[in-house]
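**Student:** Have a look at this one.
The values are calculated or read from the model by the stated rules, or taken from the named source; none is laboratory data. For clarity, every value in this text was computed on a predicted model and none was experimentally measured. FYI the Cβ positions are ideal-geometry reconstructions off the backbone, even for glycines, and counts take in every protein chain you see. Areas reflect the complete protein model, heavy atoms only, side chains present, ligands, DNA and RNA absent. Shrake-Rupley method; radii C 1.70, N 1.55, O 1.52, S 1.80 Å.
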Protein chains: 2
Amino acid sequence: MANLKQINIGLLGLGTVGGGVAKIMHDHAQKMSDTEGIQYQVTKIFVRDIEKSKAKHPGLPESIQLTTDFNDVINDPSIDIVVEAMGGTTFAADCIESALRAGKHIVTANKDLVAIKRGLDLIQYAHDHQLDFLYEAAVAGGIPILNSLRTPLASDKLFSVSGIVNGTTNYILTKMVEQGRGFDEVLAEAQALGLAEADPSGDVDGLDAARKIVILTKMAFGVTVDLNEIPVKGIRHVTARDIQVASSLGYVIKLIGRANLVDGTVYAEVAPTLVPKTHPLSTVRNEMNAVFTEGAATGEMMFYGPGAGELPTGAMVVSDIMAIGQHIHTETTGQPFANYSQDATWKKAEDIKSVGFFHFETEDKQGQFIKLVQIFDDAKVSLDKVFQEPSSDDKTAKIVVVTHEMSQAQLQQINQATQDNPELNLISYYSVLPEAK
Amino acid sequence: MANLKQINIGLLGLGTVGGGVAKIMHDHAQKMSDTEGIQYQVTKIFVRDIEKSKAKHPGLPESIQLTTDFNDVINDPSIDIVVEAMGGTTFAADCIESALRAGKHIVTANKDLVAIKRGLDLIQYAHDHQLDFLYEAAVAGGIPILNSLRTPLASDKLFSVSGIVNGTTNYILTKMVEQGRGFDEVLAEAQALGLAEADPSGDVDGLDAARKIVILTKMAFGVTVDLNEIPVKGIRHVTARDIQVASSLGYVIKLIGRANLVDGTVYAEVAPTLVPKTHPLSTVRNEMNAVFTEGAATGEMMFYGPGAGELPTGAMVVSDIMAIGQHIHTETTGQPFANYSQDATWKKAEDIKSVGFFHFETEDKQGQFIKLVQIFDDAKVSLDKVFQEPSSDDKTAKIVVVTHEMSQAQLQQINQATQDNPELNLISYYSVLPEAK
């Protein structure tokens with residue numbers, strides 16, 4: 001073992017991700033050194049409270065030094081790689097910047113930071129200084145999706161990437177679908193189980209998924225999109241009734257983040273979306289994640305696995321550490337993680353097309369149905385499925401319409417015509433994912 | 001563009017895989033050079049018949065030289081990478097050996113070769129001479145599964161890999177399941193569609209899947225298993241009746257190749273297997289492939305996509321070409337594709353455990369059921385589901401038994417007791433995949 005090169009790791013943070021990294025580095029040390037001929041060792045960890053951290057991680061090797069001063073980690077000349085596992089964008093970014101200036105390679109799972117300009121600037125700084133900056137665990141936890149997009153799929157031209165990239169909302173929607181329960185009740189359960197945070201808005205309002213779509217868009221297409229440009233809808237307004245009606249027509253409701261690139265125009269969005277039950281994404285249940293890609297050569301692929309959690313996320317952070325170890329060993333650090341870049345213009349709203357699912361309530365009287373169909377006809381939208389049944393109170397009728405593909409402009413026109421007609425009440429609208437092959 | 005490093009590729013073979021490689025290298029040339037700053041060019045292709053090849057590939061650039069002498073490719077000093085796209089194990093291996101001796105890096109999709117000793121020896125030769133030998137497309141066509149196992153998942157300890165890795169049999173079983181048709185009829189259709197070969201035995205008898213399991217076992221666990229050691233059952237004996245009974249109990253029949261590694265013992269097999277309808281593998285339809293992994297840290301993951309085809313397979317060959325281009329650029333060629341290796345002993349038959357699905361027919365008279373249950377009780381096998389119904393002829397009864405986990409020794413005992421009892425007719429037996437999380 002004396003001939004093994006040793007690589008020292010400094011951890012910033014010992015929460016879920018940091019704890020997972022420390023555990024895997026310890027449990028898998030032998031396999032890691034057997035694989036690469038490199039011995040990896042966590043030598044220092046920056047924590048807020050040393051006693052609490054020791055109490056929470058009794059298995060932590062004695063050889064690891066805990067410190068409450070992050071400079072102890074960043075300025076330690078024996079440390080090669082700094083793992084930022086704190087989250088957040090301000091202090092984490094400052095720490096990473098200091099670490100880069102001290103010549104450390106960086107690994108992080110911090111999608112909040114990597115999805116914004118400050119993160120991109122730090123990545124550029126790393127690249128300019130022959131330093132690695134990897135973040136595989138930032139999207140879809142344990143699934144090695146960024147690696148797959150970056151390397152093997154670089155040979156293809158991808159034009160669509162979509163996915164279930166937020167485990168909390170997928171858990172909530174799965175329980176709503178399978179148990180017929182309401183949003184508030186399932187959210188409370190998810191919070192009790194630790195699957196949703198006390199303030200769940202980052203998850204349930206879709207921002208977390210949007211951040212991951214920014215990163216996926218960069219990796220899949222080489223296109224940088226602005227997080228603020230992405231239309232984001234969360235799942236708060238999804239009702240048990242919507243779910244039931246969608247199910248009876250062959251759909252499951254999922255929070256889908258998606259991006260596509262056609263003829264140099266890019267579009268991305270996050271919204272609760274109807275997924276046909278025959279589509280592979282429809283089978284992704286509970287807190288699992290999946291990313292579905294479409295490419296000119298590879299066609300349709302799906303990468304499925306755990307979207308979060310101490311060990312899955314930790315494993316992907318450790319995979320980045322091992323990649324950097326290889327690069328240090330072969331003196332090839334500083335290659336950009338997202339190799340490919342191209343320009344694309346943001347798609348104009350009127351060019352965005354989608355299949356639409358409309359759920360109306362009307363007074364249950366003669367003539368309402370024809371009035372509604374006329375609205376779609378006026379907008380030149382053709383219908384794929386129409387479904388009417390009386391509501392439980394016998395005074396209103398429920399009408400569900402699934403269209404063929406229509407533009408946002410047509411959608412606006414239908415919305416306007418519906419609003420102009422007080423007898424027609426548009427309960428909910430969802431876009432529908434196309435059938436998979 | 002003048003500063004771009006140029007890498008020249010020689011192709012051996014211009015069939016499905018070779019044609020896909022040539023097309024992708026041409027269509028995606030700009031993206032490939034933008035991504036890596038390397039210009040890739042196919043300069044020579046070895047074919048059997050130049051005129052036929054030109055007629056079949058009218059879009060082939062004029063700059064590519066076709067030759068009927070493979071030495072023209074192998075001995076061309078300007079060629080850096082030789083892509084073997086002929087298949088077969090003898091001539092292909094000889095060509096690869098000559099190419100390696102001439103200092104060429106190798107890419108192949110030839111699972112027949114890579115799964116046997118001759119292939120492993122060539123890979124070792126490449127490694128010993130600082131040459132790359134990559135074969136991502138050899139398993140599951142367009143799915144970058146070997147890359148994922150090799151690099152990001154090296155940080156985990158995987159203990160199980162299973163999958164649908166033969167598109168032909170999955171197409172046949174899908175049609176049998178969804179349309180209630182028989183094996184022979186669907187096979188004939190698959191042959192007419194070009195999804196099955198004139199001699200379908202390599203696919204339908206399971207050998208092709210077994211080869212891929214040998215490769216997956218090496219990549220997932222670092223363990224080399226002997227192809228001849230793997231018990232292989234194909235799908236010829238799967239009946240529409242089995243499928244229907246299995247479906248009514250919540251299972252889909254799939255040809256599953258699987259390998260697991262527990263406490264230093266390894267086991268692998270290929271057999272038609274009952275997959276619970278809630279398992280992600282159950283949703284893999286038609287000619288699609290998927291590989292399902294289980295690891296200590298990452299838990300359950302699935303990689304889904306096209307298992308074959310000109311462009312998907314071609315894309316993965318091209319991804320290997322790009323990887324080698326990077327290695328040439330950074331002077332890091334010759335790293336083994338399967339980095340990790342460990343020893344494991346082949347599991348003793350009596351230690352292999354599985355849930356069993358038994359389908360019996362008995363004379364429909366009093367006492368038969370208890371006799372059958374007694375056989376399971378004698379073997380100390382406990383039952384999970386039992387299901388009896390009269391057969392259509394009213395003279396025989398159909399009894400289906402799903403057990404809890406039992407050993408091969410217990411299975412033998414049940415088989416023996418059934419044979420000793422002429423009134424009990426064991427129509428079919430399948431093992432059952434455990435439920436996914």
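**Student:** With 5 Å bins from zero, work out the P(r) of segment A:103-176 over every alpha carbon pair and list the percent per bin.
**Tutor:** 3, 13, 18, 21, 20, 13, 7, 3, 1, 0
**Student:** How much of the DSSP bridge set in chain A is antiparallel, in percent, rounded to the nearest 5?
**Tutor:** 70 percent
**Student:** Moving on. Out of all DSSP beta bridges in the protein assembly as shown, what portion is antiparallel? Express it as a percent rounded to 5.
**Tutor:** Counting only bridges with both partners in the protein assembly as shown, antiparallel ones make up about 70 percent.
**Student:** Which number do you get for Rg(Cα) / (2.2 N^0.38 Å) in segment B:142-184?
**Tutor:** 1.71
**Student:** Something else about it: Using the eigenvalues of the Cα gyration tensor, what equivalent ellipsoid semi-axes result for segment A:183-230 when each is taken as the square root of five times the eigenvalue, whole Å, largest first?
**Tutor:** They are 29, 10, 7 Å, listed largest first.
**Student:** Can I ask one more? What ranking of A:343, B:351 comes out by heavy-atom accessible area, probe 1.4 Å, highest first?
**Tutor:** Sorted by accessible area, descending: A:343, B:351.
**Student:** Report the dimensions of the protein assembly as shown along its three principal axes from the alpha-carbon atoms, largest first, rounded to Å.
**Tutor:** That gives 75, 73, 70 Å along the principal axes, largest extent first.
**Student:** For segment B:335-437, place one equal point scatterer on every Cα, skip the solvent, and apply the Debye formula. What is log10 of I(q)/I(0) at q = 0.16, 0.20 Å⁻¹?
**Tutor:** Log-scaled intensity ratios, in q order: -0.72, -1.01.
**Student:** A follow-up question, please. Mind listing the Cα extents of segment B:1-84 along all three principal axes, in Å, largest one first?
**Tutor:** 36, 26, 20
**Student:** So, with a 1.4 angstrom probe, what is the percent of accessible area on chain B that is carbon and sulfur?
**Tutor:** Solvent-exposed carbon and sulfur of chain B make up 47 percent of the total.
**Student:** Along Cα→Cβ at 7 Å, what distances in nm separate the residue B:237 label point from those on the other copies, shortest first?
**Tutor:** Label-point distances to the other copies, shortest first: 5.9 nm.
**Student:** Going through the cross-link list A:44/A:104; B:254/B:380; A:212/B:437, which pairs have a Cα-Cα distance over 20 Å in this structure?
**Tutor:** Over 20 Å apart, Cα to Cα: B:254/B:380; A:212/B:437.
**Student:** Still on this structure: Identify, for chain B, the residue whose C-beta comes nearest the rotation axis onto chain A, and round that distance to whole Å.
**Tutor:** B:283, 2
**Student:** Okay, moving on. If amide hydrogens are placed 1.01 Å from N in the peptide plane, which non-local residues have theirs closer than 5 Å to the one on residue B:65?
**Tutor:** Under 5 Å from the amide H of residue B:65 lie the amide H atoms of B:44, B:45, each far enough along the sequence or on another chain.
**Student:** Computed over the Cα atoms, what is the radius of gyration of segment B:27-167 divided by 2.2 N^0.38 Å, N being its residue count?
**Tutor:** 1.16
**Student:** Please list, by residue number, every one of the trypsin sites (Lys or Arg not before Pro) in segment A:1-98 that is coil in DSSP and has at most 16 other beta-carbon atoms within 10 Å.
**Tutor:** A:48
**Student:** Convex hull over the alpha-carbon atoms of segment A:192-322: what's its volume per residue in Å³?
**Tutor:** Value for segment A:192-322: 150 Å³ per residue.
**Student:** May I ask for the accessible area buried between chains B and A, both sides summed, probe 1.4 Å, to the nearest 100 Å²?
**Tutor:** The summed interface area works out to 4200 Å².
**Student:** If one computes the Cα centroid of segment B:257-330 and of segment A:278-350, what distance in Å separates the two points?
**Tutor:** 16 Å
**Student:** Quick one: Cα centre-to-centre distance for segment A:352-424 and segment B:53-82, in angstrom?
**Tutor:** 59 Å
**Student:** Using the Kirkwood radius over Cα pairs, work out the Stokes-Einstein diffusion coefficient for segment B:32-71 at 25 °C and 0.890 mPa s, in µm²/s as a whole number.
**Tutor:** After rounding, the answer is 212 µm²/s.
**Student:** So for B:32, B:86, what's the accessible-area order with a 1.4 Å probe, most first?
**Tutor:** B:86, B:32
**Student:** Here is a follow-up. Need one value: the accessible area of residue A:239 in square angstrom, 1.4 angstrom probe, rounded to the nearest 10.
**Tutor:** Residue A:239 exposes around 60 Å² with every protein chain in place.
**Student:** What does the extension gain come out to for residue B:278 and residue B:102, with contour length at 0.36 nm per residue minus their alpha carbon separation?
**Tutor:** Full extension from residue B:278 to residue B:102 adds 58.2 nm.
**Student:** Any idea what % of Cα-Cα pairs in segment A:40-101 are farther than 21 Å?
**Tutor:** Roughly 23 percent, rounded to a whole number.
**Student:** Give me the angle, in degrees from 0 to 90, between the Cα long axis of helix B:310-329 and the longest principal axis of the Cα atoms of chain B, rounded to the nearest 10.
**Tutor:** Helix B:310-329 sits at roughly 50 degrees to that axis.
**Student:** Take the Cα of residue B:75, step 7 Å along the line toward its Cβ, and report every residue of segment B:39-68 whose backbone nitrogen sits under 16 Å from that point.
**Tutor:** Only B:46, B:67-68 fall inside the zone, counting backbone N under 16 Å.
**Student:** Then there's this: Amide H neighbours of residue B:159 under 5 Å, counting only residues 5+ apart in sequence or on other chains, H built in-plane at 1.01 Å?
**Tutor:** B:294, B:295, B:296
**Student:** Could you work out the Rg to Rh ratio of chain A, with Rh taken as the Kirkwood radius (inverse of the mean 1/r over all Cα pairs)?
**Tutor:** 1.04
**Student:** Okay, next question. Quick one: label points 7 angstrom along Cα→Cβ at residue A:351, distances to the other copies in nm, smallest first?
**Tutor:** Listed shortest first, these distances are 6.2 nm.
**Student:** Another question, if that's okay. Just round it to a whole percent: the fraction of Cα-Cα distances in segment B:124-266 exceeding 28 Å.
**Tutor:** 29 percent
**Student:** What are the distances, in nm and sorted shortest first, from the label point of residue B:434 to the label points of the same position in each other copy, with each label point placed 7 Å from Cα along the Cα-to-Cβ direction?
**Tutor:** 3.9
**Student:** May I ask you to rank A:327, B:105 by accessible area, largest first, using a 1.4 Å probe over the protein chains only?
**Tutor:** Largest to smallest exposure gives the sequence A:327, B:105.
**Student:** Given R₀ = 25 Å, what would the calculated FRET efficiency be for residue B:404 paired with residue B:365, taking r from the Cβ atoms and rounding to 0.05?
**Tutor:** With R0 = 25 Å, the Cβ-Cβ based efficiency is 0.30.
**Student:** Give or take rounding to whole Å, what are the principal axis extents of the alpha carbon atoms in segment B:97-140, in descending order?
**Tutor:** Extents along the principal axes: 29, 18, 15 Å.
**Student:** Oh, and also: Give, as a single signed number, the net charge of other residues whose beta carbon lies under 13 Å from the beta carbon of residue A:434, with Lys and Arg counted +1 and Asp and Glu -1.
**Tutor:** For residues surrounding residue A:434, the net value is -2.
**Student:** Right, next: Could you provide, to the nearest whole Å², the per residue accessible area of segment B:245-317 with probe 1.4 Å?
**Tutor:** 23 Å²
**Student:** Here's something else I'd like to know. For segment A:148-223, would you read off the P(r) tail past 16 Å as a percentage of all alpha carbon pairs?
**Tutor:** Everything past 16 Å amounts to 56 percent.
**Student:** When you take every Cα atom in segment A:328-384, what is the radius of gyration, and what is Dmax, the widest Cα pair distance, in Å?
**Tutor:** Expressed in Å, the Cα Rg and Dmax of segment A:328-384 come to 25.0, 78.
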